[in-house]
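The values are calculated or read from the model by the stated rules, or taken from the named source; none is laboratory data. As the structure is a prediction and not an experimental result, all values here were calculated from the model. Because the Cβ atoms are built from the backbone with ideal geometry, glycine has one as well, and the counts that use them run over all protein chains shown. Calculation scope for accessible area: heavy atoms of the full protein, side chains included, ligands and nucleic acids excluded. Shrake-Rupley method; radii C 1.70, N 1.55, O 1.52, S 1.80 Å.
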Amino acid sequence: MARSERIADQLDRHWHKNLRPRLHGLADEEYFWEPVRGCWSIRPRDTSAASMSAGSGTWTMESASPEPVPAPVTTIAWRLAHIIVSCLGYRVGWHFGGQEVDSQTFAYAGTADEALKQLDEMYERWNAGVRELSDVDLENPPNVGPERFPMEGIVLHVNRELIHHGAEISLLRDLYRWQESAVPR
C-alpha cells in the first residue's frame, strides 16, 4: 500500500466506522439546535446577529473577525459547514482541481439532508485526491493554495480536523438526544 493510501485510509476508516454512521438520521431540528443562547449557526440571509455572515445563497454562515473570546458555541449546521468549506472544500479546490470553494460564494445548506450531501461529495473528492498523491507530492509543498508546507502535513491536518469536529458533532447529537430525559439532581 502506498504512503498516500495509508494516510487516506486513516481518515477513511474513521469516516466509515465512526463519523458518517453517527450522522445517520440527522433531522433539521437537530441540525439547527442551539444548546445555549448566542450560538453561531447557518441562518437565512439577513437574519444573523453576528457581525459577519458568509455565503452566496439563501443561507449564510455566522462569524466575526476577530473571533470573540471565548468563541460562541456552534450548532451542528455551523460545524458541518466548517468541515465542508474550510476543512475540505478549500483544499479540494486548491490541490485536486475542480471548482474552487470560497466561504463568501458558497451556497450553505438550509437542511440537514443537503448538508450531508455536500459533506459526502466533498469528502469523496478529498479522499480520492489524497489517494492519488505520490511520495514526492507528499514530501513537497503544493504548487497552489496558500499553504506552504509539505502536503503530507496538510493531509494529516485535515484528518485531525475531521476527527476533531466530527467528535464535536457527535457530542452535540448525544446532548440533543438526552436533553429531554435528563434527571434533575
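For segment 62-69, check the following and say yes or no: at least one residue is assigned to a helix (DSSP H, G or I), open to solvent by less than 30 Å² (accessible area, probe 1.4 Å) and not hydroxyl-bearing (Ser, Thr, Tyr).
Residues of segment 62-69 assigned to a helix (DSSP H, G or I): none.
No: segment 62-69 contains no residue that is assigned to a helix (DSSP H, G or I), open to solvent by less than 30 Å² (accessible area, probe 1.4 Å) and not hydroxyl-bearing (Ser, Thr, Tyr).
The rows are residues; the columns are (1) touching an Asp or Glu at 6+ places or on another chain (Cβ under 7 Å); (2) of a type outside the set (Asp, Glu); (3) open to solvent by less than 60 Å² (accessible area, probe 1.4 Å); (4) modelled with pLDDT under 95.
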site: His82; (1), (2), (3), (4): no, yes, yes, no
site: Val92; (1), (2), (3), (4): no, yes, yes, no
site: Glu100; (1), (2), (3), (4): no, no, no, yes
site: Thr105; (1), (2), (3), (4): no, yes, no, yes
site: Gly110; (1), (2), (3), (4): no, yes, yes, no
site: Val144; (1), (2), (3), (4): no, yes, no, yes
site: Asn159; (1), (2), (3), (4): no, yes, yes, no
site: Ala182; (1), (2), (3), (4): no, yes, no, yes
Notebook entry, point to check: Where in segment 74-135 are there helices (runs of 4 or more DSSP H), lying fully within it, with 3 or more residues that are under 23 Å from Ser4 (Cα atoms)?
Noted result: 90-96, 112-131
Checklist line | Counted residues, segment 39-57 - those being surrounded by 13 or more Cβ atoms within 10 Å (Cβ to Cβ) and either among the hydroxyl-bearing types (Ser, Thr, Tyr) or assigned to a helix (DSSP H, G or I) (or both) | finding: 4
Next item on the list: Could you list all residues from segment 123-160 that are free of Cβ contacts under 8 Å to residues at least 12 places away in the same chain and within 14 Å of the chain's Cα centre (by Cα)?
Entry: Glu124, His157, Arg160
Next item on the list: For segment 21-38, name all the residues that are free of Cβ contacts under 8 Å to residues at least 60 places away in the same chain and either within 17 Å of the chain's Cα centre (by Cα) or buried (at least 18 other Cβ atoms within 10 Å of the Cβ) (or both).
Entry: Pro21, His24, Phe32
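What are the residues in segment 161-177 that are of a type in the set (A, V, I, L, M) and open to solvent by less than 70 Å² (accessible area, probe 1.4 Å), if any? Even if it seems obvious, please write down each step before you answer.
Step one: filter segment 161-177 for residues of a type in the set (A, V, I, L, M), giving 162-163, 167, 169, 171-172, 175.
Result: Leu162, Ile163, Ala167, Ile169, Leu172.
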Notebook entry, point to check: Does Arg13 satisfy the condition of being in a helix (DSSP H, G or I), on the phi < 0 side of the Ramachandran plot and not hydrophobic (A, V, I, L, M, F, W, C)?
Noted result: yes
Checklist line | Given (1) assigned to a helix (DSSP H, G or I); (2) more than 18 Å from Asp12 (Cα to Cα), number of the condition His165 does not satisfy | finding: (2)
